[in-house]
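Peer 1: The structure that follows is given in the form of structure tokens.
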Amino acid sequence: MPYIDESPTMSPQLSARSQGGGDSISPTPPEGLAPGVEAGKGLEMRKLVLSGFLASEEIYINQLEALLLPMKPLKATATTSQPVLTIQQIETIFYKIQDIYEIHKEFYDNLCPKVQQWDSQVTMGHLFQKLASQLGVYKAFVDNYKVALETAEKCSQSNNQFQKISEELKVKGPKDSKDSHTSVTMEALLYKPIDRVTRSTLVLHDLLKHTPVDHPDYPLLQDALRISQNFLSSINEDIDPRRTAVTTPKGETRQLVKDGFLVEMSESSRKLRHVFLFTDVLLCAKLKKTSAGKHQQYDCKWYIPLADLVFPSPEESEASPQVHPFPDHELEDMKMKISALKSEIQKEKANKGQSRAIERLKKKMFENEFLLLLNSPTIPFRIHNRNGKSYLFLLSSDYERSEWREAIQKLQKKDLQAFVLSSVELQVLTGSCFKLRTVHNIPVTSNKDDDESPGLYGFLHVIVHSAKGFKQSANLYCTLEVDSFGYFVSKAKTRVFRDTTEPKWDEEFEIELEGSQSLRILCYEKCYDKTKVNKDNNEIVDKIMGKGQIQLDPQTVETKNWHTDVIEMNGIKVEFSMKFTSRDMSLKRTPSKKQTGVFGVKISVVTKRERSKVPYIVRQCVEEVEKRGIEEVGIYRISGVATDIQALKAVFDANNKDILLMLSDMDINAIAGTLKLYFRELPEPLLTDRLYPAFMEGIALSDPAAKENCMMHLLRSLPDPNLITFLFLLEHLKRVAEKEPINKMSLHNLATVFGPTLLRPSEVESKAHLTSAADIWSHDVMAQVQVLLYYLQHPPISFAELKRNTLYFSTDV
């Protein structure tokens, strides 16, 4: 349902539901107050929520008053010899408005003194419960809404006097507002009651979140929320067909249900298309190039009547063209370029640079973002016209693929007829796309306004606790997706919980955020039937049981405490917790206070204590990865379960005798994650703070011979434990990359994962290198990746050979 509101206090979780539709966030509140929220603070939040709601309620009442204002004079003229409207027309257009006004005026008059004379014991749940119990009036209004709109439009067309009235109704401003009146159309005001039900439901969710369970209001608010939710799900979703519909030459209404940008594989190349789903047809279009000043138009590439549209099963898709993924290192290069350009734009703005220079940089950034958007998706979404041709889209998110599939299947449940559009009909339909579209811009960050949130940069820690609501036992797991560079990618996956209706995963993940604004959780049933598994590596054949999304609101997430929430998806409730660590905080290298362990302890101290050349933790993790993880898809890139990594960290720090047994039983991604964590938590980087500036200068040299001399000289300058460990890791990463056809980890991928970990300076040193959170792929990080990539691409480097050549070089850097 569309959601429009003037109030500042909307719930970030629920706004996603009301704007996006489909399976999304449930307004079901978590048990009691969120962890870390004190009762006093919760009650204070209640006051803030109520104050905002009260302000928007005043605006709403003023809007209803403005709508009722012309009703009395119109009724008075209806009995004269020159009526503007008939009594029947007046009653149709203003049906139930008076009743709705009276309900809300009474509610406002009762709530206002309670908020103004606030104390912690104040109760107002009964007011919301009464408001919810009167939703029957809204049901009558909603059922009449379409007829009211049509009647108002017909009357406007046939009567100039009514047209003038309906085009400029005066709405009183709030008491403390400078604006005494604003002009609003009757059509816009008639839509306000529908918005209001959604708004009330959002507020009930927020109130419950900040109301202690033992407060007398809690059960009353819960009851009001239940009634409101049931009402929202029962009313007609297609409430406003006029805003999203086109009338065909035959006089039929064809409504736009969904639209968006998708990448189509066409003649073996990727093309960005704008896809429009109408009530009976799917249309694939591209925006025509037009000269300046001319009205933009879409060009239809193809269409399929929904009666003829089928989804081929994976086994039927074998004959369709194979998708060749774009090389990962080229995608990473694009990301680095985008981040570097973003930094340049920020610097130009800070220095009040020329607008022409900024526009040139923005254009360059858009070109790179467009290429990334075009070349990154790999998940196939196949559709077939039963009369012939098949089409293949590529998506980056299984969530989006599921949304498109579900929207089409929902429409196909209706009695649809096959048809062929005439050239005139197709022209009318394609011509309407520009006006009706809901997605106006390609989803890249350079299309964002300057005042839009840049998103979060850093690490999001997510614990997926449990799920309930499954009707029968199944093998269940969850995946987590976040948006990055304008599109969503899958970042983590829980283990499969077998044969259960109530899986309890309790798994923690650390997810890197790169300008992210949303977190999606998808719940799957694992498919073990080998006949259904497709040969295409990117095909996901497991069944989605439910999916949901929440906004990553900085104010909610950026706290030291865990924030627990529940996502309701298709009758299933998934409980999870999350907390966020900013990029600045996550970059800190903090020396361990205990020097007896290995994490956070200098590598020279550890090797001396162990009497080893390479720390035991490095040798054991590498050995285990090479034994059973070298062919694991995404090894070192895919997050291990954080709780498993912390358990391994603890046993290595304690030098526990059960280390080998624990390693052999542990998930391989957790072992890979432990190795990365060890290098990340070194008090200074493996390639040292002292040499960091020289590495940055060396990698920037243009002459290959000079670069070779410098880069080898820098290795010789490392302390022996650091050098031997680095060479040991280097050879291991080369062996991992040899299996790239299977594990999808190229040298460039590995350099991207390990470069910053091995080179990033410690906190004292890094202050000079970090400017802002958005610089996470800044020039420094790009250079760190390039340094490691240089050594990975270099022929084998021998410790003995390096030391032998020391005689010919000075060690001063």
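The values are calculated or read from the model by the stated rules, or taken from the named source; none is laboratory data. The structure displayed is predicted, hence computed values, not measured ones. Counting neighbours? That spans all protein chains shown, and the Cβs are built from the backbone with ideal geometry, glycine included. Heads up: the accessible areas ignore ligands, DNA and RNA and are worked out on the full protein's heavy atoms, side chains in. Shrake-Rupley method; radii C 1.70, N 1.55, O 1.52, S 1.80 Å.
Peer 1: Excluding ligands, DNA and RNA, what is the solvent-accessible area per residue of segment 108-150 at a probe of 1.4 Å, expressed in Å²? Before the final figure, lay out the partial values.
Peer 2: On the way: 2030 Å² over 43 residues.
I get 47 Å² per residue for this part.
Peer 1: Once R0 is set to 45 Å, what does the formula 1/(1 + (r/R0)^6) return for the Cβ-Cβ distance between residue 708 and residue 419, expressed as a FRET efficiency to the nearest 0.05? Write down the numbers at each step before the final one.
Peer 2: Working: r = 68 Å, r/R0 = 1.52.
With R0 = 45 Å, the Cβ-Cβ based efficiency is 0.05.
Peer 1: Extension gain residue 471-residue 609, at 0.36 nm per residue separation less the Cα-Cα distance, in nm?
Peer 2: Details: separation 138, 0.36 × 138 = 49.68 nm, distance 5.65 nm.
My answer for the length gained is 44.0 nm.
Peer 1: If we sort 59-65, 153-159 on the protection proxy, mean other Cβ atoms within 10 Å, highest first, what's the order?
Peer 2: 59-65, 153-159
Peer 1: Would you grab the residues whose amide H sits under 5 Å from the one on residue 118? Only those 5+ places off in sequence or on another chain, please, with H modelled 1.01 Å from N.
Peer 2: Distant-sequence amide H within range of residue 118: zero hits.
Peer 1: Moving on. Per residue, how much accessible area does segment 375-415 have with a 1.4 Å probe, in Å²?
Peer 2: Details: 1760 Å² over 41 residues.
Here the per-residue accessible area is 43 Å².
Peer 1: Pop the C-beta distance of residue 667 and residue 619 into the FRET formula with R0 = 30 Å and round what comes out to the nearest 0.05. Let's see the in-between values first.
Peer 2: Working: r = 20 Å, r/R0 = 0.65.
Rounded to the nearest 0.05, the efficiency is 0.95.
Peer 1: Explain nothing, just the number: dipole magnitude of segment 357-451 about its Cα centre with +1 on each Lys and Arg Cβ and -1 on each Asp and Glu Cβ, in debye rounded to the nearest 20.
Peer 2: Numbers: 15 positive and 12 negative charges, 76 e Å.
So the dipole magnitude of segment 357-451 works out to roughly 360 debye.
Peer 1: Here's another thing I want to ask about it. If you roll a 1.4 Å probe over segment 123-206 with all protein chains in place, what percent of the accessible area is carbon or sulfur? Kindly include the intermediate steps, with their values, before the conclusion.
Peer 2: Working: 1930 of 3970 Å².
Roughly 49 percent, rounded to a whole number.
Peer 1: Now a separate question. Using a 1.4 Å probe on the protein chains only, how many percent of the accessible area of segment 338-386 belongs to carbon and sulfur?
Peer 2: Numbers: 1340 of 2660 Å².
Answer for segment 338-386 is 50 percent, counting heavy atoms of protein chains only.
Peer 1: Please list the non-local residues whose amide H lies under 5 Å from the amide H of residue 505, H modeled 1.01 Å from N, same-chain partners needing a gap of 5 or more.
Peer 2: Answer set, sorted by chain and number: 466, 467.
Peer 1: Still on this structure: Compute the length gained on full extension between residue 358 and residue 439: take 0.36 nm times their separation in residues and subtract their Cα-Cα distance, giving the result in nm to one decimal.
Peer 2: On the way: separation 81, 0.36 × 81 = 29.16 nm, distance 2.57 nm.
Contour length minus Cα-Cα distance gives 26.6 nm.
Peer 1: How many Å² of accessible area per residue for segment 671-711, probe 1.4 Å?
Peer 2: Details: 1500 Å² over 41 residues.
I get 37 Å² per residue for this part.
Peer 1: Moving on to the next point. Compute the Rg to Rh ratio over segment 66-138 from the alpha carbon atoms, using the Kirkwood formula for Rh, and round to two decimal places. Can you show the working numbers first?
Peer 2: Details: Rg = 17.7 Å, Rh = 14.8 Å.
Expressed as Rg/Rh, it is 1.20.
Peer 1: Quick one: grab the alpha carbon gyration tensor of segment 381-428, order the square roots of its eigenvalues as a ≥ b ≥ c, and give me rounded if a/c is under 1.5, else prolate or oblate depending on whether a/b is larger than b/c. Don't skip to the answer; put the middle values down first.
Peer 2: Working: a/c = 2.01, a/b = 1.57, b/c = 1.28.
Note, shape of segment 381-428 comes out prolate.
Peer 1: In whole percent, what relative contact order does segment 571-693 give with Cα contacts below 8 Å and a gap of six or more residues?
Peer 2: 36 percent
Peer 1: Counting pairwise Cα distances across segment 76-206, what percent come out greater than 17 angstrom? Intermediate values should be presented prior to the final figure.
Peer 2: Working: 5808 of 8515 pairs.
Everything past 17 Å amounts to 68 percent.
Peer 1: Using modelled amide H (1.01 Å from N, peptide plane; none on Pro or chain starts), what sits under 5 Å from the amide H of residue 640, excluding residues fewer than 5 places away?
Peer 2: Those lying under 5 Å, H to H, from residue 640 are 673.
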